[in-house]
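Participant: First the structure, which I've put down as structure tokens, then a few questions once you've had a look.
The values are calculated or read from the model by the stated rules, or taken from the named source; none is laboratory data. Remember, predicted model here, so these are calculated numbers, not experimental data. Note that each Cβ is placed from the backbone with ideal geometry, even for glycine, and that neighbours are counted across all protein chains shown. Accessible surface areas use protein heavy atoms only, side chains included; no ligands, DNA or RNA. Shrake-Rupley method; radii C 1.70, N 1.55, O 1.52, S 1.80 Å.
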Amino acid sequence: MSAAFPAERAVILTGAASPRGIGRATAHHLAERGWSIGIIDVDAEAAREAAREVAEATGVVAAGAGANVADREAAVAAVDELEASLPQLVAVVNFAGVSSPVPYLEVTPEEWQRVESINLDGVHWITQRVARTLVDNGVGRIVGISSVSAQRGGGTYSKTPYSASKAGVIGLMRSIARELGPFGVTANVISPGPIDTDIMGGTLTEERKTAMAADGVLPRIGTPRDIAAAVAYLISEDAGFVTGQTLNVDGGLYMH
Ligand SMILES: NC(=O)c1ccc[n+]([C@@H]2O[C@H](COP(=O)([O-])OP(=O)(O)OC[C@H]3O[C@@H](n4cnc5c(N)ncnc54)[C@H](O)[C@@H]3O)[C@@H](O)[C@H]2O)c1
């Protein structure tokens with residue numbers, strides 16, 4: 001049985017510090033809809049600065065903490081720190097991630113480990129810590145961020161270690177959905193197509209954007225706002241009967 005969805009509620013967003021990233025745009029979008037915001041990023045100062053920016057712009061309580069999500073102890077400590085200064089924790093959205101354009105036969109053990117440890121292990125460490133609170137409270141929303149690269153086998157910028165880690169996020173969230181559903185906690189995935197941020201080797205030129213859009217059904221690539229709106233739905237009270245799902249926000253690149 002689920003407990004009531006609290007009016008005063010907080011969401012933790014990992015990887016929400018980069019100025020042109022999806023996470024920071026989502027922090028603003030959710031704060032404008034009444035969520036208190038916790039930001040965890042490997043860049044600690046940028047995390048705190050992003051939280052200040054959100055608090056000033058919207059008036060909600062917001063706090064930032066530094067952690068490499070691949071480091072379990074640091075990840076857990078960052079959630080502990082944020083939870084102490086925020087209203088009831090209801091949701092977590094795992095944006096922290098790195099790209100990897102290395103061709104498969106050139107992937108070193110270090111590159112493989114770097115990508116999996118951040119993009120998959122890091123999602124697990126943060127989610128497991130937050131899930132303990134959500135289960136205790138009897139209500140919660142968990143979101144993982146995959147990629148169309150996982151579903152189509154690369155094809156945008158990143159290659160195999162990235163695709164494998166992002167496919168892992170889908171399996172992770174489905175299994176968490178099954179285990180934690182009885183405790184009032186949902187777990188879902190958003191799978192973005194190419195989004196106009198700096199993660200694909202720097203800011204995209206108009207030429208690159210046009211080339212990436214050519215493969216889809218809609219004549220453009222995505223914006224951080226497209227993803228933020230999907231997050232707002234999946235962590236809302238109204239999405240309480242949606243769990244174990246992958247929501248493709250990709251302009252029709254992958255229809256499934
Ligand atoms: N932009 C796209 O086209 C696209 C498409 C599909 C999926 N995604 C995914 O969306 C998420 C956000 O990407 P973005 O485009 O906003 O990129 P971005 O590079 O702007 O944001 C990534 C953020 O994660 C943080 N980060 C990196 N390593 C970290 C670590 N070890 N610990 C904590 N924080 C760390 C970075 O500092 C940054 O703030 C990523 O998981 C990415 O894989 C992006």
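Participant: Could you figure out which of (1) more than 15 Å from the ligand (Cβ to nearest atom); (2) within 23 Å of V76 (Cβ to Cβ) isn't true of G181?
Facilitator: Tallying (1) more than 15 Å from the ligand (Cβ to nearest atom); (2) within 23 Å of V76 (Cβ to Cβ), G181 fails exactly one: (2).
Participant: Further question on the same structure: Looking for whichever is surrounded by 17 or more Cβ atoms within 10 Å (Cβ to Cβ), among the hydrophobic types (A, V, I, L, M, F, W, C), assigned to a helix (DSSP H, G or I) and touching a Leu at 6+ places or on another chain (Cβ under 8 Å) here; the options are V135, V143, V123. Which one fits?
Facilitator: V123
Participant: Would you check which residues across segment 1-28 are closer than 18 Å to F95 by Cα, touching a Pro at 6+ places or on another chain (Cβ under 9 Å) and surrounded by fewer than 18 Cβ atoms within 10 Å (Cβ to Cβ) and list them?
Facilitator: Scanning segment 1-28 gives a single hit, R20.
Participant: Still on this structure, please answer the following. Among A62, A96, A67, which is more than 14 Å from the chain's Cα centre (by Cα), within 14 Å of the ligand (Cβ to nearest atom) and touching a residue at least 12 places away in the same chain (Cβ under 8 Å)?
Facilitator: A67
Each row is one residue, and each column tells you yes or no for (1) within 14 Å of the ligand (Cβ to nearest atom); (2) within 26 Å of A4 (Cβ to Cβ); (3) over 15 Å from the mean Cα position of the chain (by Cα); (4) surrounded by fewer than 18 Cβ atoms within 10 Å (Cβ to Cβ).
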{"residue": "M173", "(1), (2), (3), (4)": "yes, yes, no, no"}
{"residue": "V185", "(1), (2), (3), (4)": "no, yes, yes, no"}
{"residue": "A214", "(1), (2), (3), (4)": "no, no, yes, yes"}
{"residue": "I221", "(1), (2), (3), (4)": "yes, no, yes, no"}
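Participant: Which of the residues belonging to segment 106-120 are open to solvent by 60 Å² or more (accessible area, probe 1.4 Å) and acidic (D, E)?
Facilitator: E106, E110
Participant: Determine which single condition S85 fails, assuming it passes every other condition in (1) open to solvent by 50 Å² or more (accessible area, probe 1.4 Å); (2) of a type in the set (G, A, S); (3) at positive phi.
Facilitator: (3)
Participant: Consider T203 against the criteria (1) open to solvent by 60 Å² or more (accessible area, probe 1.4 Å); (2) within 11 Å of the ligand (Cβ to nearest atom); (3) under 22 Å from G122 (Cβ atoms): it satisfies all of them except one. Which criterion is unmet?
Facilitator: That leaves (3) as the condition not met.
Participant: Hey, another quick one. One residue is enough: does segment 106-113 have a residue meeting the conditions closer than 23 Å to V189 by Cβ, touching a residue at least 12 places away in the same chain (Cβ under 8 Å) and within 20 Å of the chain's Cα centre (by Cα)?
Facilitator: For segment 106-113, residues closer than 23 Å to V189 by Cβ, touching a residue at least 12 places away in the same chain (Cβ under 8 Å) and within 20 Å of the chain's Cα centre (by Cα): absent.
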